[in-house]
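Quick notes on the structure that follows.
The values are calculated or read from the model by the stated rules, or taken from the named source; none is laboratory data. Remember, it's a predicted structure, so these values are computed and weren't measured experimentally. Cβ coordinates were reconstructed from backbone atoms using ideal geometry, including for glycine residues, and neighbour counts include every protein chain displayed. The area values use the complete protein model at the heavy-atom level, side chains included, leaving out ligands, DNA and RNA. Shrake-Rupley method; radii C 1.70, N 1.55, O 1.52, S 1.80 Å.
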2 protein chains.
Amino acid sequence: MATIKDVARAANVSIATVSRVLNNKSGFSEDTRKAVEQAIEELGYVPNGVARGLISKRTNTIGLLVPALSSMLVSEMVSGIERTVHEQGSSLIVCHTESKGKKTMQYLQLLIAKQVDGIIFTSEVLLQEYYQMIERSGIPLVLLSTESLNLPVPSVKVNDRLASFHATEYMIRQGHKKIGMISGNRNDMIAGVPRVEGFRMALSSHQIPFEESMIVSHKGFSYIDGAKSFRTLMTDHPDITAVVAASDEMALGMISEGYKMGIQIPEQVSVIGYDNIQICNVSIPPLTTISQPVAKMGEVAAKMVLDMIHGDEKQESVVFPHEIIERQSVKKMN
Amino acid sequence: MATIKDVARAANVSIATVSRVLNNKSGFSEDTRKAVEQAIEELGYVPNGVARGLISKRTNTIGLLVPALSSMLVSEMVSGIERTVHEQGSSLIVCHTESKGKKTMQYLQLLIAKQVDGIIFTSEVLLQEYYQMIERSGIPLVLLSTESLNLPVPSVKVNDRLASFHATEYMIRQGHKKIGMISGNRNDMIAGVPRVEGFRMALSSHQIPFEESMIVSHKGFSYIDGAKSFRTLMTDHPDITAVVAASDEMALGMISEGYKMGIQIPEQVSVIGYDNIQICNVSIPPLTTISQPVAKMGEVAAKMVLDMIHGDEKQESVVFPHEIIERQSVKKMN
DNA sequence: ATATTTTGAGTAAACGTTTACTCAAATCAA
DNA sequence: TTGATTTGAGTAAACGTTTACTCAAAATAT
C-alpha cells in the first residue's frame, strides 16, 4: 500500500508538504497542491489512520458495550448510536458482554487498548471495577439505559419505576382489578427491580390486593421467558384479566403462548408491553406498550460522548419521557 | 495514560525488556518478569494497540458493510459474525451503507484508512468500483449473502433462485393454484431478481397460468412493504389463495394487514416467508418459511476472512442449503 | 583454566504520520 | 538599494510499540 513517502516521491516534494495539502494547512502553492493531488490519485493513496491516531491521540472510534438484551431492542438502540457516530466521522465497535463480568472486563481492556475516544455503556449496572478501569484510562464515558447513583457519570435513560407505575395504572384505569406481571429477571437492577417496584406501587396506591405469586420472573426478557412466565401465571391465577410485561418481546411471547393455550388476547387477558419496538405495530393484536425511545436515546448518548471527546467536560444526565402507546392489546372493562 | 516507558522506568529495565515480557518472548529472568508485572499492575498499564498496529500491520479489526436490510435480519447476521470475530480476539466495525453507492465508497475509504484486517461485504452486488478500491488496498474480502460472478472473491450464500423455487413448489404441492408473490424490490440483484425468477420457474414448470400483476413489488423488504404489497395484490386478485413472500418481515406485515382487512391467514390465504428469523416462532400463526441460516452463515464468513488474514490465500465459496420450515401459515388444499 | 555457548538485557531503527523549527527565495516598504 | 516581511517548502523529532543487533556476564564444555 502506498504511503505518504511514495506520494512525496511521486510529486517531488517532501512528506511534510504532502501532509500539509492532505490536512489543508497553509504553506504550499497551487502548483504543488495539484502535483500532490495527482500523485495521490495515481497511487490510490489513503492516509494511514493508525499512524495518524498514534500522533493525534484520536482514533475516531467509539466503543459500545451491550449486555444480553433482546435482539430487536439492541438493534434499534445500536442503529441510533451508529448513525450519529458515523455522521461525525467516527466508527463504532460493538461488544456484546452477555452480562458476564469477566467478559465485560476483557472488552473494556480491549477498548482501552484500541484507544477508543469514548465509551457508551448500556443497560447494566456500572460496577466499581468497570468504572475504575475506564476512569484510569481517561476515556469519556456515558451510560445509556442505566445510571450510577454514586459515580459521576452522565446518563441517558427513562424513569423505569415511573413508567412501570404508569403502565400498571393504565390497566387499572381501564377497569382491571386482577393484574399480574411477567417481570423478566426481577433481580436485574435496571430492567427488573424498578419495574417490579413501579408495578407494586401502582397496585398498592389503588388499594388493589395482590399476592407475591402474581409476579412471575424468569432468566431474561425474551419471547420464551414471556411465554413460560405467562403459562405459570395463568395456571396459578386463572382469574387474571391483565398482564404487565417487562418487555415487548415478553408480551409477544405471551400473546403467542395465549394463542396456543386458547386464551384470546385481549378478549380474555389484556397485556401492555415495554419498549415500543417496531414490531409492536404488526403484532396481532397490535401491542399497547410503554414507549422508550431507544433509537433517540442512543442518538443523544452518542452526541454526549462526542461532545465530551471534543472537550465539553461534564454533560448533564437526561431522563427521557416515556409514553403510553395505545394500540389494541388492552380491553376496557368499564 | 501510562506508556511502556513508564513501566520500564518503574521496573528499572529497558522498554525492550518490558516488551519482551509483554509478548512472552524469551530473554529475561524470572525476577525481571516479576518486577515488570508488578509495575504494569501498579500503573494500570495497557499496551497501546495503535502503536502496536502501526508496527505489526495488524489492527485486529474487521469491517462489515451492510445495506438497508430489515433490522431483525441484520441483527441475526451481525450476531454470528461478531461472536466469531471476538472469539478470535478481533473486533467488528459495522457500517450501514443504506445501499447508497456514495456512502459505500466513503465507508470503504474509512475502513481502509483504519487499516482493518479484513472486510465482509453483505447482501448487495459488489460493484467494480468497490472491488477495485478493496483490491488495491490488499485487504482480504469475503461476500456474504451475495456473490460475484466475474470477480475472484469467495462468498457465503444460499441459492436464492432455488430456494424461491422450492417455496413456490411447496405451495403447489399443498394444492394451491392461484399463487401471488410479494417480491420486495424486484430489481435487487440479490434478494429480488433471483427470487422472482425462482417463483416464475416453479409456476411454469407446473404449467400454472400466471399474470405479471400477480407479482407485486415495492421499495424494500420490510413490514410496510409487505402490508402494502399484499393489499394491492388482493385488490387486483381477490381469488388468490397463497402468497410467496420475499422476506419474513414482509410476510409478517402481510399477516397483520390481512388481520385488518378481515382476511384470515391461513384459512383464506396461505403465506410462506423467507429467512426464518427468530420471530417466526411467535407470530400468529407461526410462519412457515424458507430457512436461511444467517447467523451460521455470518459465522462462516467471519471464519473465512480470519483465515485469509492468517494467510490462507484463497477460500472456497460455500453455498448453504436452505430448508423449508413448516409451521402453520400454509393451508393444505388437497 | 580457557574457549565456547547461553542467558539476560540494552540500544536504536522502524512503522507512517504530524508539526515545530528552520531557512532560502520572493515580495514589499522605505 | 537595503532591510523587513511573507511565502513555500524542507528537516527532524515525536507518538508508543516491536525487533534486529549488540554485548557483557554467566554457564558450560574441553
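Listed values, structure above:
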{"item": "Of B:Ala39, B:Ile119, B:Tyr170, farthest towards positive along the dipole that unit charges on Lys, Arg, Asp, Glu beta carbons give the protein assembly as shown", "result": "B:Ala39"}
{"item": "In the A-B interface, the accessible area buried, summed over both sides, Å² (probe 1.4 Å)", "result": "4300 Å²"}
{"item": "Cα convex hull of the protein assembly as shown, projected area averaged across orientations, nm²", "result": "34.4 nm²"}
{"item": "Neighbouring partner chain Cβ atoms per residue of B:48-59, average, 10 Å criterion", "result": "6"}
{"item": "Inter-probe distance in nm under a simple model that places probes 7 Å from Cα toward Cβ, at B:Arg173 and A:Glu42", "result": "6.3 nm"}
{"item": "Mean separation of Cα contacts under 8 Å, 6 or more apart, over the residue count of chain A: relative contact order %", "result": "17 percent"}
{"item": "Inter-part distance where segment B:160-211 and segment A:245-319 are each reduced to a Cα centre, Å", "result": "36 Å"}
{"item": "Size of charge dipole - the protein assembly as shown - debye, nearest 20, with Cβ of Lys, Arg +1 and Asp, Glu -1, no other charges", "result": "520 debye"}
{"item": "Chain B, Cα convex hull volume normalised per residue, Å³", "result": "159 Å³"}
{"item": "Residue of B:Leu143, B:Leu22, B:Leu54 that the Gaussian network model of chain B assigns the largest fluctuation, springs spanning Cα pairs under 10 Å", "result": "B:Leu22"}
{"item": "3J(HN,Hα) from dihedral phi, segment B:79-91, Karplus parametrisation 6.51/-1.76/1.60, rounded to Hz, x for glycine, proline", "result": "5, x, 5, 4, 4, 4, 4, 5, 4, 8, x, 10, 10"}
{"item": "A:Asn187-A:Gln88 FRET efficiency (beta carbon distance; Förster radius 30 Å; 0.05 resolution)", "result": "0.20"}
{"item": "Crossing angle, helix B:160-173 versus chain B [Cα axis fit, 0-90 degrees, rounded to tens]", "result": "30 degrees"}
{"item": "Chain A: angle of helix A:101-113 to the longest principal axis, Cα-based, in degrees nearest 10", "result": "20 degrees"}
{"item": "Charge sum, other residues only, whose C-beta stays under 9 Å from B:Leu287's C-beta, Lys/Arg counted +1 and Asp/Glu -1", "result": "0"}
{"item": "Rough spin-label spacing in nm, given labels placed 7 Å along Cα→Cβ, for A:Gln128 and B:Met333", "result": "6.9 nm"}
{"item": "Unsatisfied cross-links (Cα-Cα over 19 Å) in the set A:Lys177/A:Lys331; B:Lys103/B:Lys303; B:Lys114/B:Lys303; A:Lys102/A:Lys157; B:Lys177/B:Lys332", "result": "B:Lys103/B:Lys303; B:Lys114/B:Lys303; A:Lys102/A:Lys157"}
{"item": "Principal-axis tilt of helix B:193-205 within chain B, Cα atoms, nearest 10 degrees", "result": "40 degrees"}
{"item": "Largest to smallest principal axis extent of the C-alpha atoms in segment A:4-47, angstrom", "result": "23, 18, 15"}
{"item": "Residue-averaged 222 nm ellipticity for chain B, from DSSP H runs of 4+ at -39500 (n - 2.57), nearest 500", "result": "-14000 deg cm²/dmol"}
{"item": "In Hz, Karplus ³J(HN,Hα) per residue of segment A:61-67 (6.51, -1.76, 1.60; θ = phi - 60°; x = Gly, Pro)", "result": "9, 10, x, 10, 10, 10, x"}
{"item": "Most mobile listed residue (A:Gly253, A:Gly44, A:Gly175) in chain A, GNM with C-alpha springs under 10 Å", "result": "A:Gly44"}
{"item": "Of A:Gly101, A:Gly80, A:Gly180, the one that fluctuates the most in a GNM where chain A has Cα springs shorter than 10 Å", "result": "A:Gly101"}
{"item": "B:Cys95 - accessible surface, heavy atoms, 1.4 Å probe, Å² rounded to 10", "result": "0 Å²"}
{"item": "Note, ³J(HN,Hα) from phi for segment A:18-32, Karplus 6.51, -1.76, 1.60, rounded to Hz, x at Gly and Pro", "result": "4, 4, 5, 5, 4, 9, 6, 7, 8, x, 7, 8, 4, 4, 5"}
